[in-house]
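Derivation of every value follows stated rules applied to the coordinates shown; laboratory data play no part. It should be emphasised that the depicted structure is a prediction, and the values quoted were computed from it without experimental measurement. Here the Cβ is made from the backbone with ideal geometry for all residues, glycine too, and neighbour counts use every protein chain on show.
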Amino acid sequence: MQSPHGVGIEAISVCVPRYWLPLTALAEANGVEPAKYAVGLGVEGMAVTHPNEDAVTMAVEASDALLKRYDIDRHSIGLLVVGSETGVDAAKPIAAYVHGLLGLPFACRTLDTKHACYSATAALALARDWCAGSGRGRKALIIATDIARYEVGSAGEPTQGAGAVAMLVGDHPSVFVFEPYREAFFARHVMDFWRPHYRSTAIVDGPASVESYLAALESTYADFERHSGLGWDDFEYLLFHVPFPKMACKAFKLLYEREVARRNGSGMTQALGEAFESRTVPSLWPNRAMGNLYSGSLYASLAGLLERGDGSVEGARAGLFSYGSGCCGEFFSGRVGPDAAAWRGKIDIAGQIKRRTRLDYTGYISFREQSARLAEEGSHTGGAVPGGHFGRVAFLGIKDHQRVYESSPRPAVSDTPFLPAYNASAHTGK
Ligand code: HMG
């Protein structure tokens, strides 16, 4: 039976890595005019992971904060899906590590989804359907976690970043409510961005990736308009996958100009810049400070909008565009949930950004090199790398082909299944 409240996000939390590099320092090292990064790409800083941070630790930090700040009973979680491009193993999902490190119940389905930056949106779609159907009141924990890494000195380097976003999906959504059937997809095989198993850095055809992103947006938006009955005037906010903030600007411009053409050049109530300022800019501040989070970029924007939004954000409709290279795109809509006062103070992206430690270029290169060493068999020789003991969990390297995590406190293994009374025959008719 459909919940009268709908299905959506009940809680959202972001893990901001503890270190960052101002892009002025990267511009100086690369001999590039700083304005190219600050204005041309719209990025001010990028999150840099400490060697003891990886996709697993960031996922755990984001989820741990979520469970504590929103006072969530972990036994209510029956589905855990991690969307990531930064898989740590070809077979074992990140979700398995996270499940253990959080001490989630045994009665839980765990898996990872993969399609570059689209992966978390695919995970959310799975959660949405599960919560509306066989979830029977249980919650789904969806995590987007990634480290965006390109070659040193490459054109992609200023669009790096890292972070994780954890979202609890259920049938009492107070944060963001999905609108049923208001979604459109686009998929096409294209080699715009990929990362073979043997590499820690992505290979990218930058111009082709920008072109493919915009083509996917145009197609999904047109399809969405045709099937949803919604159009330009129905959205208070438009949020996009943000590899770098200027990309959101290009995406917004495409939709705006499309609408101008549809109206034969007349009837727009706002000029392009003004419309962009009111509908998209309020969501972009985390991306400017953290860089590309890959799967988490769109959802860090959503969290940013919610954290900074004034009272008017409650009940507002947002259109969200998710893009994953390779490629798959999706445009969907939802409404910001009620009771912003209850969740706004719990997101805390700004506080984490403020508490970060600034690196210089040498520190950034050193972290990269140490991370590469820790990713090799036999790298675990003891404790954390200096400056690495700061969170709930640390990645200490690899021993006997197994990743070693130190967790504080140690999670209690949970054997308490949460299975609400369920009469199968009532559902199957048998
Ligand atoms: P580039 O070679 O730096 O490009 O690569 P550029 O020379 O065209 O410069 C970029 C912008 O800076 C241009 O503005 C210049 O005019 C401007 P635009 O024409 O685009 O409006 N500029 C300046 N502005 C002010 N002052 C100056 C100045 N100089 C130049 N002095 C590129 C840029 C994004 C291609 C590169 O960084 C890259 O390859 N990044 C990685 C790929 C990427 O982010 N693609 C985005 C779409 S694909 C996607 O989003 C998926 C992804 O997230 C992966 C996934 O799905 O998992 C990547």
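A dipole drawn for the range 127-212 from +1 and -1 charges on Cβ atoms has a positive end, and of Gly153, Ala184, Trp130 the residue lying farthest that way is Trp130.
Compactness check for the range 279-335: Cα Rg over 2.2 N^0.38 Å is 1.16. Compute the whole-percent fraction of alpha carbon pairs in the range 346-395 spaced more than 15 Å apart. More than 15 Å apart: 62 percent of the Cα pairs in the range 346-395.
Computed from the C-alpha gyration tensor, the three semi-axes of the ellipsoid equivalent to the chain are 31, 30, 19 Å, from longest to shortest.
Other residues within the sphere of radius under 12 Å centred on the Cβ of Pro22, judged by their own Cβ, net out at 0 (K and R +1, D and E -1).
Based on DSSP H segments of at least four residues, each scored -39500 (n - 2.57), the chain has a per-residue ellipticity at 222 nm of -10500 deg cm²/dmol.
Note that the range 323-333 has calculated 3J(HN,Hα) couplings of 10, x, 4, x, 9, 9, x, 8, 10, 9, 10 Hz, one per residue in order, obtained from phi through the Karplus relation 6.51 cos²θ - 1.76 cosθ + 1.60 (θ = phi - 60°); glycine and proline are x. The alpha carbons of the range 103-199 occupy a box of 50, 35, 25 Å along the principal axes, longest dimension given first. Working note: Karplus 6.51/-1.76/1.60 with θ = phi - 60° gives the range 98-113 the couplings 5, 4, x, 5, 8, x, 7, x, 5, 7, 8, 8, 10, 6, 10, 10 Hz, where Gly and Pro are set to x. Eigenvalues of the alpha-carbon gyration tensor of the range 39-119, scaled by 5 and square-rooted, set the equivalent ellipsoid semi-axes at 25, 17, 12 angstrom, largest first. Net charge dipole, the range 95-217: roughly 500 debye, given to the nearest 20, about the Cα centre with Cβ charges of +1 for Lys and Arg and -1 for Asp and Glu. For the options Thr57, Thr269, Thr357, a Gaussian network treatment of the chain with springs between C-alpha atoms closer than 10 Å singles out Thr269 as fluctuating the most. Legend: calculated FRET efficiency, Leu272 to Thr381, from the Cβ-Cβ distance at R0 = 41 Å, rounded to 0.05, equals 0.15. Proximity of backbone amide H atoms, modeled 1.01 Å from N, is registered between Cys327 and Arg188, His189, Val190 at under 5 Å, excluding neighbours fewer than 5 places apart on the same chain. Translational D (Stokes-Einstein, µm²/s) of the range 294-405 at 4 °C and 1.567 mPa s when Rh comes from the Kirkwood sum over C-alpha pairs? In µm²/s, the coefficient rounds to 73. Ordering Ala91, Leu305, Leu41 by the projection of their Cα atoms onto the charge dipole of the chain, which places +1 on the Cβ of Lys and Arg and -1 on the Cβ of Asp and Glu, puts Ala91 at the extreme positive end. Spatially close Lys pairs in the chain, defined by Cα atoms under 29 Å apart and a spacing of eight or more places or different chains, total 24. Suppose the chain between Val32 and Asp400 were pulled fully straight at 0.36 nm per residue; how much longer would it get relative to their current alpha carbon spacing? Gain on stretching Val32 to Asp400: 128.1 nm. Treating each Cα of the range 1-85 as one equal point scatterer and applying the Debye formula with no solvent, the log10 of I(q)/I(0) at q = 0.14 Å⁻¹ comes out as -0.72.
Over all orientations, the range 236-370 has a Cα convex hull whose mean projected area works out to 10.5 square nanometres. Around the Cα centre of the range 103-152, unit charges on the Cβ atoms of Lys, Arg, Asp and Glu (plus for the first two, minus for the last two) sum to a dipole of about 300 debye. Taken about its Cα centre, the chain carries a charge dipole of roughly 560 debye when the Cβ of each Lys and Arg holds +1 and the Cβ of each Asp and Glu holds -1. Sorted into 5 angstrom bins from 0, the C-alpha pair distances of the range 192-286 split as 2, 11, 20, 21, 19, 12, 7, 4, 3, 1, 0 percent.
The protection proxy used here, the mean number of other Cβ atoms lying within 10 Å of each residue, ranks peptides 47-54, 154-161 as follows, highest first: 47-54, 154-161.
Take 125-132, 327-334, 359-366 and order them by the average number of nearby Cβ atoms within 10 Å per residue, most first; the result is 327-334, 125-132, 359-366.
The HN-Hα couplings worked out from phi for the range 349-364 by the Karplus form 6.51 cos²θ - 1.76 cosθ + 1.60 (θ = phi - 60°) are 6, 4, x, 5, 4, 5, 7, 5, 9, 7, 9, 9, 4, 5, x, 4 Hz, whole numbers, x standing for Gly and Pro. Of the residues Phe106, Gln370, Val210, the one whose Cα sits farthest towards the positive end of the charge dipole of the chain is Phe106 (charges of +1 on Lys and Arg Cβ, -1 on Asp and Glu Cβ, taken about the Cα centre).
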